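Just so you know, all these numbers are worked out from the coordinates, no wet-lab data involved. This is a predicted model, so every value here is computed, not measured. So basically every Cβ, Gly included, is an ideal-geometry build from the backbone, and we count neighbours across all protein chains shown.
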Amino acid sequence: MTENRIDHVSSLIKKAMDMESSGNRAEAAKIYRDAYNEVMEIAAHSSGKIREKRLHQAESLKKIYESIGGKYVEKDRIGEGKKILEQLNIEPPEIPKVTFQDVAGLENVKNEIMSKIIYPMRYKELSQEYNIEFSGGMLLYGPPGTGKTFIVKAIANEVKANFINVNPSTLYSQWFGQFEKNISLLFHAAYLLSPSILFFDEIDTLVPKRSGSESDAARRGVSQLLTEVGGLTSQKDRNIFIIAATNNPWGIDEAIMRPGRFDVKIYVPPPDYESRKKLFQLKLSEIKHLGEIDYDGLAARTERYSGADIEFICKKAVQNVFMEVIKTGNRVDVTTEDLLEVISQIKPSIDIGLLKKYQDYILST
Ligand SMILES: Nc1ncnc2c1ncn2[C@@H]1O[C@H](COP(=O)(O)OP(=O)(O)OP(=O)(O)O)[C@@H](O)[C@H]1O
Ligand SMILES: [Mg+2]
């Protein structure tokens, strides 16, 4: 098998050289790139000295294609990745603008993400020296509106990775009958767009706990997903991170949480007192007409309100003041009272029963 692949690499290199000598540099670069990918694959399946030799060979191929036309290849690769996402009906990839500074609180979550994803990527050589690798995927779970999607966007920004947002509620029905194939295509796109973060939102709808009544096709799709996630572990040069999020961790097929799969699980809790204070500060920071705000008072009054609730409260209060200003023509400040008024009108979106459910889940795992 490896023999065949090596022959294949040789024939690719020969083809690339022919192209190059006939003056077609863009095409040659592409074929060198294919040869590079192939050698990386072979390296991923070998070990010891042989692996080192392959990696060395891959490095040389990379230098060649970069020097003769890395730009063409790069453009091509990204374009192809985008095309696949379009076919799959997934939003175009982006490097989000949100940064870690925009995320209030969630220090534990941030630390975990820093050590598992951001540092290994930023300090590549060092992490290889210490054999630190990011394997499998990460699962974020917690009540709605606590910043799960938001923090993944911030991660993508920190590592300058393409954020690919897979939202199963729309995809599930559209992919009917093509699940397995589409999952492979999706991972291929993530690879073409790498460094990338493949984000599966509402993973519980994609891989619900098995009920025995799923179609064969759905089951095969799920096992394809697991194979792809597992496969990434052995290819640490690929720079694809898989992150999933859910409100219902208890509703997920447990097979996806085995080692090498989504084995890093992080609870994203509702904001605590300090985080709520910070949320109000962040969400009001762009307002030019702001009075003295009693942030402690607001934090004290908003237990069990989510980050999304607090964002909504700020928007609504500012909107109310704005309407007032339009009527009177008088630029007045947004005050603590304006905010408290809105708080009194809306209920926190996280109830005690739900929190208890998460506590029980954490204890049971
Ligand atoms: N910790 C936070 N820091 C800053 N903003 C936050 C935070 N939590 C929530 N928000 C705000 O609330 C909005 C909604 O959050 P987000 O969509 O990330 O929640 P979620 O946990 O993914 O919710 P769901 O489970 O419903 O998908 C964000 O766009 C952000 O503006
Ligand atoms: Mg979300």
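Near the amide H of I350, within less than 5 Å, lie the amide hydrogens of S306, all on another chain or at least 5 residues away, with H placed in the peptide plane. One equal scatterer on each Cα of region 51-175, no solvent, Debye formula: the resulting log10 I(q)/I(0) at q = 0.18, 0.22 Å⁻¹ is -1.21, -1.31.
From the helices alone, meaning DSSP H stretches of at least four residues, give me the mean residue ellipticity at 222 nm for the chain, per-run term -39500 (n - 2.57), in deg cm²/dmol to the nearest 500.
Working: 16 runs with 214 residues, N = 365.
The per-residue figure over the chain is -18500 deg cm²/dmol.
Rounded to the nearest whole Hz, the Karplus-based 3J(HN,Hα) values (6.51 cos²θ - 1.76 cosθ + 1.60, θ = phi - 60°) of region 92-101 follow the sequence x, x, 8, 9, x, 8, 4, 10, 4, 5, with x at glycine and proline.
How much FRET efficiency would the formula 1/(1 + (r/R0)^6) give for N111 and I287, where r is the Cβ-Cβ distance and R0 is 30 Å, rounded to 0.05? Display every interim value, and only then the final one.
Details: r = 31 Å, r/R0 = 1.02.
Calculated value: 0.45.
Computed from the C-beta positions of E91 and T227, the FRET efficiency with R₀ = 25 Å rounds to 0.50.
For K83 and S169, what is the calculated FRET efficiency with R₀ set at 25 Å and r taken between the beta-carbons, to the nearest 0.05?
Details: r = 23 Å, r/R0 = 0.94.
Efficiency, from the Cβ-Cβ distance: 0.60.
Largest first and in whole Å, the equivalent-ellipsoid semi-axes of region 100-267 read 25, 19, 14, each the square root of five times a Cα gyration tensor eigenvalue. For region 310-365, the alpha-carbon radius of gyration amounts to 1.74 times the rule-of-thumb value 2.2 N^0.38 Å expected for a compact globular protein. Just checking the listed ones, E337, E311, E254: in the Gaussian network model of the chain with Cα springs under 10 Å, the one fluctuating most is E337. Backbone phi angles across region 286-298, fed through the Karplus curve with coefficients 6.51, -1.76 and 1.60 (θ = phi - 60°), yield HN-Hα couplings of 8, 7, 7, 10, 10, x, 5, 9, 8, 5, 4, x, 5 Hz in residue order; Gly and Pro are listed as x. With a simple spin-label model that places each label point 7 Å from the Cα along the Cα-to-Cβ direction, the separation between N24 and Y273 comes to 7.0 nm.
Can you check what the net charge comes to around S349, using other residues whose Cβ is under 11 Å from the Cβ of S349 (Lys, Arg +1; Asp, Glu -1)? It would help to have the intermediate numbers written out before the result.
Details: positive: R304, K347; negative: D309, D351.
So the surrounding residues net to 0.
Taking every alpha-carbon pair under 8 Å whose residues sit at least 6 apart, the chain reaches a relative contact order of 17 percent.
Give me the number: length gained by fully extending E324 to K124, i.e. 0.36 nm times residue separation minus the C-alpha to C-alpha distance, one decimal in nm.
Stretched out fully, the E324 to K124 stretch lengthens by 66.6 nm.
Cα-based radius of gyration for region 2-73, normalised by 2.2 N^0.38 Å, reads 1.08.
Our coupling estimate for region 329-345, obtained by passing each phi through the Karplus curve with A = 6.51, B = -1.76, C = 1.60 and θ = phi - 60°, is x, 10, 6, 9, 7, 7, 10, 4, 4, 4, 6, 4, 4, 5, 4, 5, 8 Hz, Gly and Pro reported as x. Amide H contacts for A244 (H built 1.01 Å from N in the peptide plane; partners 5 or more residues away or on another chain; cut-off under 5 Å): M138, L139, L140, F200.
To test your reading of the geometry: what angle, between 0 and 90 degrees and rounded to tens, separates the Cα axis of helix 216-233 from the longest principal axis of the chain? With both axes taken from Cα atoms, the answer is about 80 degrees.
Sorted into 10 angstrom bins from 0, the C-alpha pair distances of the chain split as 5, 20, 26, 23, 14, 8, 4, 1, 0 percent.
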